[in-house]
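The values are calculated or read from the model by the stated rules, or taken from the named source; none is laboratory data. Predicted model, so just to flag it, every value in this text is computed and none were measured. Here the Cβ positions follow ideal geometry from the backbone for every residue, glycine too, while neighbour counts run over all protein chains shown. Heads up: the accessible areas ignore ligands, DNA and RNA and are worked out on the full protein's heavy atoms, side chains in. Shrake-Rupley method; radii C 1.70, N 1.55, O 1.52, S 1.80 Å.
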Amino acid sequence: MIYLDLALRGGAITVLLLLALLLWRAPISLEGRLSVLALALSESAFLIITAALPLDLHPALHSNLTLIASFTPAAITWLIVTIFLDAPGQRWPWLVASLATSVALYIHEAFPDIYSVCLPMSVILYGALFILSLWSTRDDLVECRCRARPGFAAAIAGLALFLTGGQATGLLQDGSLSLALLQAVGTLAVTLNFAVWLLRPDAHRWPGETSPGISNRLPVQDEFSDPTLIAGLQSAMSAGIWREEGLTIGALAGKIAVPEHRLRRAINQGLGYRNFSSFINQARIEAACAALSDPAQMNATVLEIAYEVGFASVGPFNRAFRAEIGCSPTEYRRSALSRAFTDSEKSSPIAANLH
């Protein structure tokens with residue numbers, strides 16, 4: 001059984017490194033490539049140092065592998081948020097939490113007593129990632145990602161949650177052969193399935209794919225052709241349906257009387273958007289920019305304008321505005337009104353000299 005464990009780990013390491021090598025030259029974002037590489041390296045190091053048969057490694061090599069392996073939670077988190085969260089601003093809280101978990105795991109090597117803290121941190125992190133993979137489906141417009149979410153969540157976050165949860169509850173003893181075999185079998189199975197999903201010849205399956213200068217849109221696909229649906233959608237948007245607070249894709253589908261899956265495909269493949277919130281927020285931010293730059297509305301507060309364009313509070317409005325425009329609503333208003341007043345003064349007629 002010990003040698004079976006080694007064989008399974010060797011297979012998993014080989015697949016992980018080959019996958020990272022193949023994706024390194026793929027037409028995806030740098031973040032997507034780096035996240036796969038980070039997972040391949042950290043998980044490979046973890047498989048080496050946790051083998052059922054202790055390997056005779058040089059102390060310096062073992063120390064370095066331990067350091068790399070401790071960043072497995074951060075690497076798993078980075079890959080999941082890169083694939084499923086298109087807005088970079090939404091990823092930072094997850095990455096910070098995962099780095100804290102990884103640092104705690106590494107410190108555990110010097111202070112074994114904090115192991116009781118590391119495991120609960122890992123369980124909470126992987127549980128939250130599992131929920132994220134499923135919960136964010138409601139805003140996702142990329143069909144292949146929506147279909148993959150349940151299996152992806154169960155495979156990557158679920159496996160990690162099962163193993164760490166088993167250790168935390170004592171069902172799986174640290175250093176036991178059963179735990180080692182579960183780690184090896186689970187990692188190899190997940191890696192093979194993940195490789196099949198990523199390497200299919202469908203551009204929309206690639207993690208972190210971006211177009212130059214546009215982080216939340218995809219190139220429009222020619223195979224989607226439903227001019228009636230697109231026209232109805234654009235008509236509803238022109239009528240200001242985006243102003244409704246808490247508007248969901250299901251509610252929008254009901255208002256224009258089309259199945260939700262067809263509406264998702266229209267917005268994604270017909271108009272090029274990855275997620276529903278970015279599609280709605282673009283119209284809202286355009287209206288907000290017009291209001292903020294209008295001298296006639298200079299006495300309206302930012303909160304009032306946020307409500308007017310469909311946001312429930314000023315916090316989400318500020319984040320969406322900054323992500324789209326690159327500055328806060330207040331900064332935008334100050335700059336826009338300053339230009340408006342300057343242009344007004346320049347265009348004012350110069351009084352004639354009546355000497």
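Of a type in the set (Asp, Glu), open to solvent by less than 70 Å² (accessible area, probe 1.4 Å) and farther than 18 Å from LEU163 by Cα: is that true of ASP86 in this structure? For ASP86, the condition - of a type in the set (Asp, Glu), open to solvent by less than 70 Å² (accessible area, probe 1.4 Å) and farther than 18 Å from LEU163 by Cα - is met.
Regarding TRP92, is this residue among the aromatic types (Phe, Trp, Tyr) and without any contact (Cβ under 8 Å) to a residue 12 or more places away in the chain?
yes
Please enumerate the residues belonging to the range 52-77 that are in a loop (DSSP other than H, G, I, E, B) and buried (at least 20 other Cβ atoms within 10 Å of the Cβ). Hits for the range 52-77 are ALA52, SER70, PHE71. Take ILE80 and tell me if it is open to solvent by less than 40 Å² (accessible area, probe 1.4 Å), in contact (Cβ under 8 Å) with a residue 12 or more places away in the chain and assigned to a helix (DSSP H, G or I). Spelling it out, ILE80 is indeed open to solvent by less than 40 Å² (accessible area, probe 1.4 Å), in contact (Cβ under 8 Å) with a residue 12 or more places away in the chain and assigned to a helix (DSSP H, G or I). Annotation note: Cβ proximity below 7 Å between a residue of the range 97-114 that is under 18 Å from PHE46 (Cβ atoms) and a residue that is β-branched (Val, Ile, Thr) (sequence gap 6+ or interchain) occurs for SER98/THR77; ALA104/ILE114; ALA104/VAL117; ILE107/ILE114; HIS108/ILE114; GLU109/THR66. Among residues of the range 306-319 being among the aliphatic types (A, V, I, L, M) and open to solvent by 20 Å² or more (accessible area, probe 1.4 Å), the one that is nearest to THR342 (Cα to Cα) is VAL314. Number of residues in the range 12-23 that are open to solvent by 10 Å² or more (accessible area, probe 1.4 Å) and farther than 16 Å from ALA45 by Cβ: the value is 3. For the range 92-129, a residue qualifies if it is small (Gly, Ala, Ser) and exposed (fewer than 15 other Cβ atoms within 10 Å of the Cβ), and the qualifying residues are ALA100, ALA110, SER116. Determine which single condition LEU198 fails, assuming it passes every other condition in (1) at pLDDT below 70; (2) open to solvent by less than 20 Å² (accessible area, probe 1.4 Å); (3) farther than 15 Å from ILE83 by Cα. Unmet for LEU198, out of (1) at pLDDT below 70; (2) open to solvent by less than 20 Å² (accessible area, probe 1.4 Å); (3) farther than 15 Å from ILE83 by Cα: (3).
Let's see how each residue does on (1) out of contact with any Lys or Arg (no Cβ under 6 Å at 6 or more places or on another chain); (2) modelled with pLDDT of 90 or more; (3) within 30 Å of CYS146 (Cβ to Cβ):
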residue: ARG33; (1), (2), (3): yes, no, yes
residue: ALA40; (1), (2), (3): yes, yes, yes
residue: LEU47; (1), (2), (3): no, no, no
residue: LEU55; (1), (2), (3): yes, no, no
residue: LEU65; (1), (2), (3): yes, yes, no
residue: SER70; (1), (2), (3): yes, yes, no
residue: PHE84; (1), (2), (3): yes, no, yes
residue: ALA87; (1), (2), (3): yes, no, yes
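Answer yes if at least one residue in the range 175-193 is modelled with pLDDT under 70, exposed (fewer than 15 other Cβ atoms within 10 Å of the Cβ) and in the same structural domain as ILE49 (by the TED database), and no otherwise. Yes, the range 175-193 has at least one match.
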